[in-house]
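This report refers to the structure that appears directly beneath it.
No lab work stands behind these numbers, since they all come straight from the coordinates. What you see is a predicted model; the values in this text were computed from it and never measured.
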Amino acid sequence: MTCQNYQDLMMGYLDDELSSEQRRTFEEHLESCEGCRSEFEQFKKLKRITDSVQLAEPEDEMWQKYWGGVYNRFERGIGWILMSVAGIALLIYGGFKAVEAIVKDPTVGLMLKIGILAFIGGVAILFVSILRERLYFWKRDRYKDVQK
Ligand SMILES: [Zn+2]
């Protein structure tokens, strides 16, 4: 085998995809070949970087680890509930006030009134949607604990 052959094997070696026979000849070659050894070191560094990037990707797992503690989840749950309740209350109160003011104000044009109402409606819908999603995940997380 030439050095090029061995260098083709490097990724496979690092990914643990070689047969034990291949691993052995590969390791033997590294012992005797300075060029391939330094090339292999480079590959190892590169692999470590790509691995850490891949680990960062499954967000679900990361979040689960980070928020896996009971305290963290409790804190988050309370935070979400407080924020949601206060947010909804403020939204409803502010919404009514805004609508009242806009509708009563004769200087505000009809298009602007419709625009502002649509904006408030949009924000409210988004808020409820996010809240529903949160509650869903929260429930699902608790269900997972029961499963364990
Ligand atoms: Zn070599």
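Side notes on the structure shown:
- Linear extension gain, T25 paired with K44, 0.36 nm per residue minus alpha-carbon span: 5.0 nm
- Sorted from longest to shortest, the spans of the Cα atoms of the range 3-56 along the three principal axes equal 36, 23, 15 Å.
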